[in-house]
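One structure below.
The values are calculated or read from the model by the stated rules, or taken from the named source; none is laboratory data. From a predicted model like this one, the values you see are computed outputs, not experimental measurements. All Cβ positions, even for glycine, are placed from backbone atoms using ideal geometry, and neighbour counts span all protein chains on display.
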Amino acid sequence: MSLTLAALIAGLVGGAPQTPPIFNPGAPGAAPRVISADEAVALSRSGHVEADVRFMQHMLLHHAQAVEMVELLKSRGSSPVVKRLGERIAQSQEAEIELMKEWLLGRGLAVAAPDPHVGHRGHAPDPDAPIMPGMLSPAEMAELAAAEGAEFDRLFLQGMIRHHQGALDMVEALLAEPDAAEDPMLSDFASSVTADQSAEILRMQSILSEL
Amino acid sequence: MNIRSLLLSSAAAASVLLGAAAVQAQTAEGQVPPVGSDVRSTLSPGLHDAGQAISNLTLEHSVQPAPGFFDREAIFAPPTQEEWEAMRARAAAVEAGTAEPAPPPRYSALALANSDMAMSNGKLFVGNFNGFNAYDVSGDGAPELVLSVVCPGGQGDVSIHGDLLFMSVEQNRGRLDCGAMGADGDVNAERFRGIRIFDISDLSAPRQIAAVQTCRGSHTHTQVPHPTDPDVLYIYNSATSSVRKSDELSICQEGEPGENPETALYSIDVIKVPLNAPEQAAIVNRPRIFADRETGEIAGLWKGGRFGVGGQNTAQTNHCHDITVYPEIGLAAGACSGNGILLDISDPENPSRISELFDPDMSYWHSATFNATGDKVLFTDEWGGGTAARCRAEDPHTWGANLIATIEDGKLEGQSFFKLPASQAAIENCVAHNGNLIPVPGRDLMVQAWYQGGVSILDFTDPARPMEIAYFDRGPVDGDRLKVAGHWSAYWFNGRIYASEIARGFDVLRLAPSEQLSAAEIAVAERVMAETINPQTQTRPVWEDHPDVATAYLDQLARSQGLEAAVTEQARAFVERWRAGRIDRARAAELSRTVAAVPDNAPAADAARRKALGELFGRLGQRR
């Protein structure tokens, strides 16, 4: 039904006083579209969705593993270049862990996601299955912890590259969700993760090729 | 609504103070009007039915928020300290499995807040964090909504020029296409932060025609006409938020000037709008208006922090919050975070700072308004950022108040403070906010919003003794806790006061005569009309010769006992005959002489009134 016809009918049946249509302009140069009052109110919201919460809770665990890996590097690695890189990675990921905790706490949310493996007929998690994209499985972490010297450096770099790639995949998956990452703080954070970890992947690949 | 940055450098502070002709606006005991309490201090709460108090005003209309621009849940309640603790405790409990997670908040702070206003062509434009609305106020009846535009991005400061509407956008979620999806990431090609330009020539099809991107977005903006070319309009953009990444906008860089002299901090944006092709509007200059005049140091003004023990914490000056221009006198007054400044805008593309003011009681210099003659500036201090209760009985009355300054030999001199004289509840956000002049000749009157402190009109004709002459206030929007509401702006537009209310819509008020303001003074003010009014672009009011103008001056002189009784009687009799259509030119000329014969010891305000009245009679004496 066209706007004019609707207005006419409303007038004939003594409907509510006319209010003008609500416009939502497009990009510069484009024509506007008409929206309802409910849509207008919805456009003002910038909350978060379930996917955002899961992302933050999972990324917390993801980052925690990176920090764990760097801990091993301190005592088991040999290349000073790798160690320096590891320090930088740990520093930035620790800062991000704080940020994620604050984001969750500030919204009254749990810092730890409910564990999907608990209650699964009670059997222990598969030691070969990674928990999140790119994360080292418990078996792989054990292998890393047993290595040392140049061998450790190699495993560390390979593992961390995969780990970072996993983080990028998590961000991509989040952005594919409808209405996700509207929250400005979370969207800023997600793009920092992408930018920093992409750069670190390139650096690690270069170091790995020279080992 | 503001940014605090807390670099403390006492050596730098001292040097700024010594370098700047800074005068503390500390006045003698008893000269600053005390903050007491009156009926406004204990009004009953309510969203639609709060108690009201009004003095020397009548409330003509209260207009509800436009459809699509209201949700009770969107009214922002800042978490209290206790609530932060409780949130942490709850999160721990959730982790331990003993509690359910709290539902996420649906709205960001102030998502549907009404904000600043402008008037054009009989329509009142009310900005909102979610877009803007326009109301036809040209008739005698209630304002009528004629246009609603949704385009999120906050804060929605609006101005009009002809068929163009300019809007300030600063939030990261702002998008070029006015969408709701937000703009995620540090670098996003869809993001928009800056000044939007809309074509509103056809109310049935408003169009966004340009979006000028800026490094820190746009918090407020000010139109500056070109001195000679009517096809060019300048916009001064004041931005207070974070600098964008250079990958998103190549002209933007961060950092303090010591590490990065190309920083986007420490300037304003000058945007040039070719009115024949407004889609080509672009930034033409980003002048370093805070630079030290001698050394050229870019960060030349207040570095942030407290001056002295127990003093107010004054924000760092690396941006302006709002600039008011007065093109006819070639000056602009900038309220720039840690300082108030005066700019020479005779070359609008290259504004230059000619004076600056610092005061240890000012927390955040927020707005500036010139008086009509351009020899005073009233600055406001937004201590608490607008979301905090700062008009409590225990709050110092020189904090979160107006600082009244005079301009002497091109230099700003602080004279006094004025604060809302009635204390407000601890659950009412309240601090000095936006307003403009009421065009009564012979007096400096300003109507102003104080958030939930309501609307107040003050007389600052005597810069050392400002006083309130009228008010309107409601009780808190919520009876249990502080929720951000109240009047964002209160402006005099074409005979009425329009006051935008963050959560409740807007109010239309009319002046009522009192001992402080006569019917003739009101009549003169109500007769001053303009097609377009953007409050931060001041124009000199023009009062056509009319019996009410003469009566207004006579009423003022009677109030101050500034005119001899016999002369007053003769002048009033003359004016009565003038009203009846009979002008005795000889008598007019004679009155002109006696009125203008000002005694040497007359106060400046009275001298000015007598001079103006004398000139008015003089013109009548020469009429053919």
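List of remarks:
- Matching residues, segment B:531-576, being surrounded by fewer than 15 Cβ atoms within 10 Å (Cβ to Cβ) and either touching a Cys at 6+ places or on another chain (Cβ under 6 Å) or of a type in the set (Val, Ile, Thr) (or both): B:VAL542
- Selection status of B:ASN276, more than 14 Å from chain A (Cβ to nearest Cβ), of a type in the set (S, T, N, Q) and outside any loop (DSSP other than H, G, I, E, B): no
Per-residue answers, yes or no, for (1) touching a residue at least 60 places away in the same chain (Cβ under 8 Å); (2) crowded, with 20+ Cβ neighbours inside 10 Å; (3) outside any loop (DSSP other than H, G, I, E, B); (4) within 12 Å of chain A (Cβ to nearest Cβ):
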position: B:GLY68; (1), (2), (3), (4): yes, yes, no, yes
position: B:TRP84; (1), (2), (3), (4): no, no, yes, yes
position: B:ARG88; (1), (2), (3), (4): no, no, yes, yes
position: B:VAL94; (1), (2), (3), (4): no, yes, yes, yes
position: B:TYR107; (1), (2), (3), (4): no, no, no, yes
position: B:LEU110; (1), (2), (3), (4): yes, yes, no, yes
position: B:ASN133; (1), (2), (3), (4): yes, yes, yes, yes
position: B:GLY139; (1), (2), (3), (4): no, no, no, no
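- Taking the criterion of being in contact with a strand residue (DSSP E or B) (Cβ under 9 Å, 6 or more places away or on another chain) and aliphatic (A, V, I, L, M), the residues of segment B:254-287 that qualify are B:ILE268, B:VAL270, B:ILE271, B:VAL273, B:LEU275, B:ALA281, B:ALA282, B:ILE283, B:VAL284.
- Residue match in segment B:149-158 (condition: farther than 20 Å from A:GLU39 by Cα, assigned to a loop (DSSP other than H, G, I, E, B) and not polar (S, T, N, Q)): no
- Hey, A:ASP169 buried (at least 17 other Cβ atoms within 10 Å of the Cβ) and away from every other protein chain (no Cβ under 14 Å) or not: no
- Any helices (runs of 4 or more DSSP H) falling wholly within segment B:486-579 and containing at least 3 residues that are hydrophobic (A, V, I, L, M, F, W, C) and assigned by TED's automatic domain parsing to the domain that holds B:CYS430: B:519-526
- Those residues of segment A:73-90 which are farther than 21 Å from A:PRO133 by Cα, in contact with a helix residue (DSSP H, G or I) (Cβ under 9 Å, 6 or more places away or on another chain) and assigned to a helix (DSSP H, G or I), in sequence order: A:LEU73, A:LYS74, A:ARG76, A:VAL81, A:VAL82, A:LYS83, A:LEU85, A:GLU87, A:ARG88
- Taken over segment B:145-176, the criterion of being surrounded by fewer than 22 Cβ atoms within 10 Å (Cβ to Cβ) and more than 9 Å from every other protein chain (Cβ to nearest Cβ) is satisfied by B:HIS161, B:GLY162, B:ASP163, B:LEU164.
- Taking segment B:551-575 as the range and being in contact with a Pro (Cβ under 8 Å, 6 or more places away or on another chain) and farther than 12 Å from B:PHE617 by Cβ as the test, the residues that pass are B:ALA552, B:SER560, B:GLY562.
- Where a residue in segment B:505-516 is crowded, with 17+ Cβ neighbours inside 10 Å and its partner, wherever it lies, is of a type in the set (S, T, N, Q) and not in a strand (DSSP E or B), with Cβ under 6 Å and at least six apart: B:GLY505/B:GLN64
- Filtered by the rule that a residue be more than 30 Å from B:ASP231 (Cα to Cα) and of a type in the set (Ser, Thr, Tyr), segment B:255-301 gives B:THR263, B:THR295.
- Residue check for B:GLU73: in contact with a helix residue (DSSP H, G or I) (Cβ under 8 Å, 6 or more places away or on another chain) and modelled with pLDDT under 95: no
- Selection from segment A:167-185 of residues that are in contact with a Ser or Thr (Cβ under 9 Å, 6 or more places away or on another chain) and either modelled with pLDDT of 85 or more or basic (Lys, Arg) (or both): A:ALA167, A:LEU168, A:VAL171, A:GLU172
- Of the residues making up segment B:330-337, one or more are in contact (Cβ under 8 Å) with a residue 12 or more places away in the chain and assigned to a loop (DSSP other than H, G, I, E, B).
- Residue satisfying all of: in segment B:177-204; in contact with a Leu (Cβ under 9 Å, 6 or more places away or on another chain) and charged (D, E, K, R); nearest to the other protein chains (Cβ to nearest Cβ) among these: B:ASP184
- Residue in segment B:196-207 that is outside any strand (DSSP E or B), more than 26 Å from B:GLU254 (Cα to Cα) and at pLDDT below 90 present: no
- Criterion: free of Cβ contacts under 8 Å to residues at least 60 places away in the same chain and closer than 25 Å to B:SER37 by Cα - qualifying residue of B:ASP347, B:ASP381, B:ASP375: B:ASP381
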